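The values are calculated or read from the model by the stated rules, or taken from the named source; none is laboratory data. These numbers come from a predicted model, not from an experiment. With ideal geometry, Cβ positions are generated from the backbone for all residues, glycine too; neighbour counts draw on all protein chains shown.
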Amino acid sequence: MPKEDPSKLVLVEKRGTTTIVTINRPHKRNCVNGPAATALYQAFLDFDADPKAAVAILTGAGGNFCAGADLASIQNQDEANPMSAEWPDTLPGPIGPMGPTRMTLSKPVIAAISGFAVAGGLELALWCDIRIVDSTATLGVFCRLRGVPLIDGGTVRLPQVVGRGVAMDLMLTGRPVKAQEALKVQLATCYPPSYETVSETPALEQALALAASLANHPQTCMRNDRLSSHFASPIREAMLKEFEMGLNTLNSGEFIEAIRKFFDRKDSSSAKL
């Protein structure tokens, strides 16, 4: 496969006061490797510093949000995701394995989820303030099936969003969560707001309408209330403990055989086509 252009791994589009950040690796279901994580982090640094930008939307190209970290890059030093335990107190925060997941921004971010938002992709969605889904969405902790740990906020943020009981179900089983169930357990919503009926309108279109609504609010009040909520639930210490335990899992080597079987099965399926 030809080497990817780093400048095209993440696309940034500005529509008025809305900044759309798109993970652009559709051939990988928008899995994030190290260069993509760096590009995502920089995109949100730029968004937060832009005085004309009020709301950001995080989405994925080609019909999927993000299928997690790129497993093929785990043992490639040039493409591996950032894996540092350093986390200074200064805002907006350092880069995480998936990019912006350790950042605390001053403005809201909406996840527009079509297709898969699983494993590290679910962690990216949980980092966002609001998750919008359409009828194509599937969420879940699929990395459970590969022996790869949640290492970028998943074990911390998921219980905060859906409660401990539902979070344990999803984290331990690794089962898929379709859009209708995601609404029911309030893992995600639609816009106009609904926790009951899945919208057929593409998630990005819904998110753009929501972003326009948020941009019309008095901004100082909205942003301060949002930040107060973030600071009322500090997650830095918990995420550092998650990272420590995740590294222990990776260092065990348990995941290597599971990933090998996964890729062998994919290669076998491709050969039959």
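Observations on the model:
- Filtered by the rule that a residue be among the basic types (Lys, Arg) and over 15 Å from Ala211 (Cα atoms), the stretch 1-23 gives Lys3, Lys8.
- Complete set of residues in the stretch 231-245 that are within 17 Å of the chain's Cα centre (by Cα) and within 14 Å of Val161 (Cα to Cα): Ile235
- The number of residues in the stretch 158-168 that are surrounded by fewer than 15 Cβ atoms within 10 Å (Cβ to Cβ) and either assigned to a helix (DSSP H, G or I) or under 17 Å from the mean Cα position of the chain (by Cα) (or both) comes to 4.
- Some residue of the stretch 68-82 being touching a Leu at 6+ places or on another chain (Cβ under 6 Å) and surrounded by 15 or more Cβ atoms within 10 Å (Cβ to Cβ): no
Residue-wise test of (1) farther than 15 Å from Val177 by Cα; (2) within 12 Å of the chain's Cα centre (by Cα).
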{"position": "Ser84", "(1), (2)": "yes, no"}
{"position": "Pro97", "(1), (2)": "yes, yes"}
{"position": "Phe116", "(1), (2)": "no, yes"}
{"position": "Leu124", "(1), (2)": "yes, yes"}
{"position": "Phe142", "(1), (2)": "no, no"}
{"position": "Gly153", "(1), (2)": "yes, yes"}
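- Just one residue in the set Leu145, Leu105, Leu58, Leu126 is modelled with pLDDT of 95 or more and in a helix (DSSP H, G or I); that residue is Leu126.
- Condition met for Thr155 (more than 20 Å from Cys190 (Cβ to Cβ), modelled with pLDDT of 95 or more and either touching a helix residue (DSSP H, G or I) at 6+ places or on another chain (Cβ under 7 Å) or assigned to a loop (DSSP other than H, G, I, E, B) (or both)): yes
- Scan of the stretch 33-72 for residues that are of a type in the set (S, T, N, Q) and in contact (Cβ under 8 Å) with a residue 40 or more places away in the chain, ordered by number: Asn33, Thr38, Thr59, Asn64
- For the stretch 5-29, the set of residues classified as of a type outside the set (Ser, Thr, Tyr), assigned to a loop (DSSP other than H, G, I, E, B) and surrounded by 15 or more Cβ atoms within 10 Å (Cβ to Cβ) consists of Leu9, Asn24, Arg25, Arg29, listed by residue number.
- Residue selected from the stretch 95-122 under the condition among the β-branched types (Val, Ile, Thr) and in contact with a Gly (Cβ under 8 Å, 6 or more places away or on another chain), by the criterion surrounded by the most Cβ atoms within 10 Å (Cβ to Cβ): Val118
- Any hit, the stretch 23-32, residues being touching a residue at least 60 places away in the same chain (Cβ under 8 Å), under 27 Å from Leu150 (Cα atoms) and touching a Phe, Trp or Tyr at 6+ places or on another chain (Cβ under 8 Å): yes
- Residue list for the stretch 33-55, filter: surrounded by 21 or more Cβ atoms within 10 Å (Cβ to Cβ) and assigned to a loop (DSSP other than H, G, I, E, B): Asn33, Ala54
- Residue check: Leu126 meets all listed conditions (1) in contact (Cβ under 8 Å) with a residue 40 or more places away in the chain; (2) crowded, with 19+ Cβ neighbours inside 10 Å; (3) under 25 Å from Ala54 (Cβ atoms) but one, namely (1).
- Qualifying residue in the stretch 32-41 (condition: farther than 17 Å from Trp127 by Cα, in contact with a Ser or Thr (Cβ under 6 Å, 6 or more places away or on another chain) and of a type in the set (S, T, N, Q)): yes
- If the condition is being part of a loop (DSSP other than H, G, I, E, B) and touching a residue at least 60 places away in the same chain (Cβ under 8 Å), then the stretch 108-123 contributes Pro108, Ser114, Gly115.
- Qualifying residue in the stretch 77-88 (condition: at pLDDT 95 or above, out of contact with any His (no Cβ under 6 Å at 6 or more places or on another chain) and under 17 Å from Pro234 (Cβ atoms)): no
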